[in-house]
1. Kindly evaluate F211 against the criterion of being without any contact (Cβ under 8 Å) to a residue 40 or more places away in the chain and among the aromatic types (F, W, Y).
2. So, restricting to helices (runs of 4 or more DSSP H) that lie completely within region 1-112, which ones have at least 1 residues that are at pLDDT 95 or above, farther than 30 Å from Y139 by Cα and β-branched (V, I, T)?
3. How many residues are under 18 Å from R74 (Cβ atoms) and of a type in the set (A, V, I, L, M, F, W, C) if we restrict to region 128-146?
4. In region 141-152, which residue that is hydrophobic (A, V, I, L, M, F, W, C) and surrounded by fewer than 20 Cβ atoms within 10 Å (Cβ to Cβ) is modelled with the highest pLDDT?
5. Conditions: (1) farther than 24 Å from G161 by Cα; (2) in contact with a helix residue (DSSP H, G or I) (Cβ under 9 Å, 6 or more places away or on another chain); (3) part of a helix (DSSP H, G or I). E242 meets all but one. Number of the miss?
6. Is it true that N271 is exposed (fewer than 15 other Cβ atoms within 10 Å of the Cβ) and either closer than 18 Å to L128 by Cβ or out of contact with any helix residue (DSSP H, G or I) (no Cβ under 9 Å at 6 or more places or on another chain) (or both)?
Amino acid sequence: MLPIQTGNWELDQAIQDDEYKNAVKYLHSAVHSNPPRLEALLPLTQLLLIGCRDKEALNELEEFSAISGAVLPRRLRAHILERFDPNNSPALSTCFEDILKIDPTCRESLAKLISLHQDGNYRPESLLEMAALHLDAAYAACNVWREFALCFLEVHQYEEGRLSVCLHENEGGQLPRYSSVRYNSIPKSFTQGKMGRAWAFRCKWWLTRHFSKSILASEIAAGDLELLAYKAACASHMYGQEFEYVVEVYNCLEKENNMDLLALLREHRQNSIGLYPYLRQRTS
């Protein structure tokens, strides 16, 4: 899978050799047999890359992914895209999403999606979903909770801006007049259909998985204030700004006189979505 120096004469000779062609032929047959042979996919991919047939390798991996739930072809495809087509953000993000759907504990794939988001090439709503999927399966470090909280804030601010109705009037030389009407700022994708049900279940589950009293006590004892602040920021968006975990962390930060983290948590509390109370109200 390493880059090959195609100017090497021996390599040029090798890929014209019958042995190389036969190896590709037999591995291709194995990959396309019934059932498909996963163990033949990696050597076939390597041989195609050696022969500078990267597009063919990508096509083979895409076709195999369509008929298999294995994570290997998706990881291989992501690696090749990063090497040969690094600006293809839609294809890369799809690969990393597919990997996380199969293996939600994969920190590397989530980190790649976070990087795409930070570069402006991945939507915050999508990153929220993938980060939540990861947190369903793993106990993450501070950087994941930070991005999770920031995505909640981005989504909230976007919805606030989108749902604020500005009435503009500029007739007869009059100055423009604006009025703003405030609506519920929770995106419909979080409250309706299959995704809405998934978030309702997740919010209820995470009360014990991530935000229980015992977990809070152990985290305060550990003294990682940044982790506490970002987890509390996420909790404020999920459960509201007066949720016990949020209030206790805020009090802890006040005692520690950490003004930066207090300001951070205050901003999230003031802009909290309050997803779970809204979902419970809808179903009550």
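The values are calculated or read from the model by the stated rules, or taken from the named source; none is laboratory data. Just so it is clear, the model here is predicted, and its values are computed rather than measured. Note: ideal-geometry Cβ built from the backbone for every residue, glycine included; neighbour counts use all protein chains shown.
1. Values: without any contact (Cβ under 8 Å) to a residue 40 or more places away in the chain: yes; among the aromatic types (F, W, Y): yes.
Considered against the rule, which asks whether it is without any contact (Cβ under 8 Å) to a residue 40 or more places away in the chain and among the aromatic types (F, W, Y), F211 comes out as yes.
2. 18-31, 41-50
3. 3
4. So the residue we want is C142.
5. For E242, the failing item is (3).
6. Here the answer is no, as N271 does not meet what is asked.
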